[in-house]
1. If I fit a long axis through the Cα atoms of helix 246-256 and take the longest principal axis of the Cα atoms of the chain, what angle between them do I get, 0 to 90°, rounded to 10?
2. Under a point-charge model restricted to the Cβ atoms of Lys and Arg (+1) and Asp and Glu (-1), what is the dipole moment magnitude of segment 125-271 relative to its Cα centre, in debye to the nearest 20?
3. Can you give the extra length, in nm with one decimal, that the chain gains between residue 79 and residue 17 once fully stretched, where that is 0.36 nm per residue apart less the Cα-Cα distance?
4. Cα atoms only: what Rg and Dmax, in Å, come out for segment 3-146?
5. Which aspartates and glutamates, on any chain, are close to residue 41 with Cα under 14 Å apart, when same-chain ones fewer than 8 places away are left out?
6. Quick one: go through segment 221-255 and flag any residue whose amide nitrogen is under 14 Å from the point 7 Å out along the Cα-to-Cβ line of residue 210.
7. Hey, got a sec? Which GluC sites (Glu not before Pro) in segment 191-237 land in a DSSP loop and have at most 15 other Cβ atoms within 10 Å?
8. Dividing the convex hull volume of the Cα atoms of the chain by its residue count, what figure in Å³ per residue is obtained?
Amino acid sequence: MSTVAATARIHPMAVIEDGAVIGENVSVGPFCTIGAHVVLKDDVQVISHAVVTGRTEIGRGSKIFPMAVIGGTSQSLHEAGEDSTLTVGEGCTMREGVTINTGTVGGGGKTVVGNNCLLLANSHVAHDCILGDGIIMSNNVMLAGHVRVDDRAILGGGCAVHQFGRIGRHAFIGGLSAVSYDVIPYGMLNGNPGVLAGLNVVGMSRSGIERATIHIVRRAFKQIFEGEGNIRSNAAAIRDDYADCKEVMEILDFIAADSDRALSSPHRGKA
């Protein structure tokens, strides 16, 4: 039997399957379907003609627009119907036609979207993706499986991210870009194939990073990507010089971390 809070507003033409949990002040509009294993936290709005299914939890105050399908089974060729989950954080907006799939057992069994994310029309989050907080995905952005996107990254309209790719915090991906390789924190990538075009200086400034710090990060960027060695050796060589700059250290840690993908660069598109 479903658990529906007394203050929830359920349109008579919505379908709430047995087992769903509907929180306080939740609004579910006409022609919506809420699955048996779905949890809608307090103040969630599901406007109309949307489907929330699977083992899915939608965080407080999130909003789902018409024709979105949230929590659908993964599109992985290895999908075999195993139990997996989707968790969407608080204050997220999923606009028209957004699709977010649950995870796969082989990929960790969960897809996660952080708090205060904005997913614009027809964007797609595939199985086992992990998204941080404050991310903006513009219209028609496509994330393949197992992608990780860190806090406050912005993905321009129509860009596509290769499976297992990583996009660092505060990175900016230009519209229609093909993201085949990892993008460093604060990086700005454009084109097909995507090329690292520099730093997201505007985003850094808007987030409150001081101009002096931005100049330090720019200097480190040049040493990493224009030095005589390869990117990883250049990054390792300057680590001690930038120990007091957390933004540079974040980039260096990202470069040093294990990954299934190469690194995007300003030259060949990867390294």
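1. The angle comes out near 90 degrees.
2. On the way: 15 positive and 16 negative charges, 80 e Å.
Using only the charged Cβ atoms, the result is roughly 380 debye.
3. Working: separation 62, 0.36 × 62 = 22.32 nm, distance 2.36 nm.
This chain segment gains 20.0 nm when fully extended.
4. Rg then Dmax for segment 3-146, in Å: 13.8, 42.
5. Partners found: 24, 57, 90.
6. Label zone hits: 244-247.
7. Working: sites: 210, 226, 228; in loops: 210, 228.
Within segment 191-237, the qualifying GluC sites (Glu not before Pro) (loop, at most 15 other Cβ atoms within 10 Å) are 210, 228.
8. Values: hull volume 32.2 nm³, N = 271.
Given the Cα convex hull of the chain, per-residue volume reads 119 Å³.
Taken together, the values in this text are just the output of simple stated rules run on the coordinates, not laboratory data. Because the structure is a prediction, the values reported are computed rather than measured. Neighbour counts are summed over all protein chains in view; Cβ atoms, including those assigned to glycine, are modelled from backbone coordinates with ideal geometry.
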